[in-house]
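Presented below is the structure to which this report refers.
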Amino acid sequence: MLLASEKYLQISSGFIAWRAGAALVRLSEAERKFEEVAVRTDEPVVIVGAGHAGFQLAASLRQSGYEERIALINNEPHLPYQRPPLSKGFLEGNGDPQAVFFRPESFFRDYRIDLVEDHVVEIDRMTRKTSFQSTRSLNYRHLVMATGARNRLLRMPNAGHDDVRYLRSLADSEAIRERLENAKQVVVIGAGFVGLEFAATAAAKGIAVDIVELAPRIMARVVSPVVSGYFQARHEGAGCCIHSARSVSAIETANGRLQCVILDDGRKLPADLLIVGIGVVPNVELAMAAGLPSQDGIVVDQHLATVDPNISAIGDCALFSSHRYKSPLRLQSVSNAVDQAKCLAARLTGKIRPFDSLPWFWSDQGNDKLQIAGLIDSYEDIVVRGDPDQNSFSVFCYGDGILRGVESVNRVGDHMAARRLLAACTTVDPDKAANLSFDLKTAL
Amino acid sequence: MPRVIFVASNGARREVSEAAGASAMTAARINDVSGIEAECAGALSCGTCHVYVAPEFASLLPPPSEEEEGMLEFVAAERRVGSRLSCQIVLTDELDGLTLEIPETQT
Ligand SMILES: Cc1cc2nc3c(=O)[nH]c(=O)nc-3n(C[C@H](O)[C@H](O)[C@H](O)COP(=O)(O)OP(=O)(O)OC[C@H]3O[C@@H](n4cnc5c(N)ncnc54)[C@H](O)[C@@H]3O)c2cc1C
Ligand code: FES
């Protein structure tokens, strides 16, 4: 069985980056073709996927003065919405979808963004045509893949049972919220961000929660051991029971209901609801079928262009050649989706710049706010600023003596300062970082 | 339903009404007032929902939390006396007519 912890900040390795020169040639070609097509036809920019990246691109194109047609293809039965609240406030609150929609319907009318309710099933690059499930089709002047990612599925008997749930869409969150009303004992597989956010919400409702994680510690791949340890203690303090370095070997049902989950050490965890959060896989199949190089993501250069000058990819589905980290990356976060959408909107309206935004991320778990600036992947030394016992600290991660990333727990100011510092590639002396009376602003 | 008046940086005014309990940021989003980006949807993480509260309303608002203060120090546009994060302003009937100026830039 394959069990991986949920990750937003996912780093791909083993892929050879595009040579910068080649990327630039391709880009100027992309630019020229886009312009040529633009004067000749009234074909729209077609955006496949109306998630965070797709919505932001449509909005940013209009903000950048783009006047031509935009078709935003939406395969979910709602107005475009944001996902972060789905594992947090939306689960516990009154669940008014208004609170998660980006904008009301009038926005799409007023800004002439054609919201097409359909699913794209094929792309013909020769004729620049997208075909829909409804058998309709649409020609494009520029095509943007913003197809996001989907949940990695648990493969074992009973994994398809109705009491086994995943959390990605508004519909998922609504269904889980309903079940939480009667749930007494839930099991969460995967101690990644989504699993832990859900666990905190369920525990706050007084529900007994067991969390099963294959790795030796929670959020192992995306946060430092200090932060991992802090959150482990906090979740345990809230009543969650964490089973690290364990996997699930069976799911048992009886009389049509989920009964329990059996761990690899034979322990039985009774459960009336099982939430699976074992990572996601990018939606690359459509691009692959169209012959666009894809692996763990649709391959794009530092301008977010695929090998086809008429097609770009952004957001969770894009494996981009990172200007900042000099390696291919696929990130799963709101900031990445938003910043890539803005960068692409700029290119499509003639303001070409490579994508080099600093990644940042947040996760609210119970009463704790975790914020991460930069990537917490290659570091040797850490410095703690503040006090975990006071529920307020930041972890400064250094590699080769240079500041690489900063994790902040309930220290919003540190996080904002870290974003500025890292974006500007400014490092901070570790002694100063550790000293609370040192004002980080002065390092800027 | 309390009214909120959003004033764009070019002076254009937009009056909306939203149920008490909603945040000023949500009121802007639901009513399609542009200029408040709100990338984190009110999670107090992005700093892109910055507004300037008109002086006559400033004293009616509870003061910013330490976290909001921390974030206001790093907003993109100039920080002024009335600077607040609109996702942290909860609308109440008492705040009827709340006037919020939207800065020129959020990022
Ligand atoms: C529960 C949850 C909580 C999260 N919390 C946080 C958080 O706290 N902070 C943070 O930074 N990030 C968070 N994230 C991650 C963040 O939401 C994603 O990184 C972001 O949504 C990515 O945007 P996207 O547009 O690339 O993909 P998505 O938002 O996944 O949108 C892709 C859309 O494309 C559609 N699509 C796919 N294929 C097709 C097709 N062939 N035709 C038409 N449409 C198609 C999909 O159905 C989907 O609607 C969270 C994610 C989840 C699921
Ligand atoms: S919406 Fe992000 S800080 Fe207010």
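A few comments on the model shown:
- HN-Hα J in Hz across the stretch A:153-167 - Karplus 6.51, -1.76, 1.60, θ = phi - 60°, x for Gly and Pro: 8, 7, 10, 5, x, 6, 5, x, 5, 4, 8, 9, 10, 10, 10
- Separation between Cα centres of the stretch B:1-79 and the stretch A:207-226, rounded to whole Å: 36 Å
- Under 11 Å from the B:ASP93 label point (7 Å along Cα→beta-carbon), backbone N, the stretch B:18-59: B:20
- Comparing mean-square fluctuations of A:PHE102, A:PHE361, A:PHE55 from a GNM of chain A with C-alpha springs under 10 Å, the top value falls on A:PHE102.
- For A:SER249, residues with placed amide H under 5 Å, excluding near neighbours: A:ILE262, A:LEU263, A:ASP264
- Using 0.36 nm per residue and subtracting the Cα-Cα separation, the extra length available between A:MET156 and A:MET126 on full extension is 6.7 nm.
- Gap separating the Cα centres of the stretch A:424-444 and the stretch A:155-206, nearest whole Å: 40 Å
- Value in Å of the Kirkwood radius, where the stretch A:367-442 supplies the Cα pairs that are averaged: 12.1 Å
- Helical runs (DSSP H, four residues minimum) scored at -39500 (n - 2.57) apiece and divided by the length of chain B put the mean residue ellipticity at 222 nm at -4000 deg cm²/dmol.
- At R0 = 41 Å, FRET efficiency that the Cβ-Cβ distance of A:SER64 and A:ASP265 yields, to 0.05: 0.15
- Given +1 at the Cβ of Lys and Arg, -1 at the Cβ of Asp and Glu and no other charges, the dipole of the protein assembly as shown around its Cα centre is 1200 debye to the nearest 20.
- Share antiparallel - DSSP beta bridges, chain A, percent rounded to 5: 60 percent
- Per-residue Karplus couplings for the stretch A:303-313, computed as 6.51 cos²θ - 1.76 cosθ + 1.60 with θ equal to phi - 60°, are listed in order as 9, 6, 9, 7, 5, 8, x, 8, 10, 10, 9 Hz, Gly and Pro entered as x.
- The simple spin-label model puts a point 7 Å past each Cα toward its Cβ; for A:PHE438 and A:ARG136 those points are separated by 5.9 nm.
- Across every pair of non-identical alpha carbons in the stretch B:3-101, the mean reciprocal distance, once inverted, gives a Kirkwood radius of 13.2 Å.
- Label point distance in nm, B:ALA76-A:HIS119, each placed 7 Å from Cα along Cα→Cβ: 3.6 nm
- Residues whose placed amide H lies under 5 Å from that of B:LEU98, excluding near-sequence neighbours: B:ARG3, B:ILE5
- Remark: the stretch A:388-399, residue by residue, has Karplus-estimated 3J(HN,Hα) of x, 5, 9, 6, 8, 7, 10, 10, 9, 9, 10, x Hz, where x stands for each Gly or Pro and the curve is 6.51 cos²θ - 1.76 cosθ + 1.60 at θ = phi - 60°.
- Reported to the nearest whole Å, the Cα centre-to-centre distance from the stretch A:304-364 to the stretch A:59-109 is 20.
- Kirkwood Rh, Cα atoms: Rg over Rh of the stretch A:178-293: 1.06
- Note: chain A, Cα convex hull, 152 Å³ per residue.
- Residues A:SER228, A:SER437, A:SER134, ranked from the fewest to the most other C-beta atoms within 10 Å, line up as A:SER437, A:SER134, A:SER228.
- Between A:ARG179 and A:ASP377, the simple label model (points 7 Å from Cα in the Cβ direction) yields a spacing of 3.2 nm.
- Shown is the FRET efficiency for B:ALA54 and B:THR107, computed with R0 = 25 Å from the Cβ-Cβ distance and rounded to the nearest 0.05: 0.60.
- Antiparallel bridge percentage (DSSP; both residues within chain B; nearest 5): 75 percent
Values in this text are rule-based calculations from the coordinates and carry no lab data. All of these numbers come straight from a predicted model, not from anything done at the bench. A quick note on method: Cβ atoms are made from the backbone with ideal geometry, for glycine too, and the neighbour counts reach across all protein chains shown.
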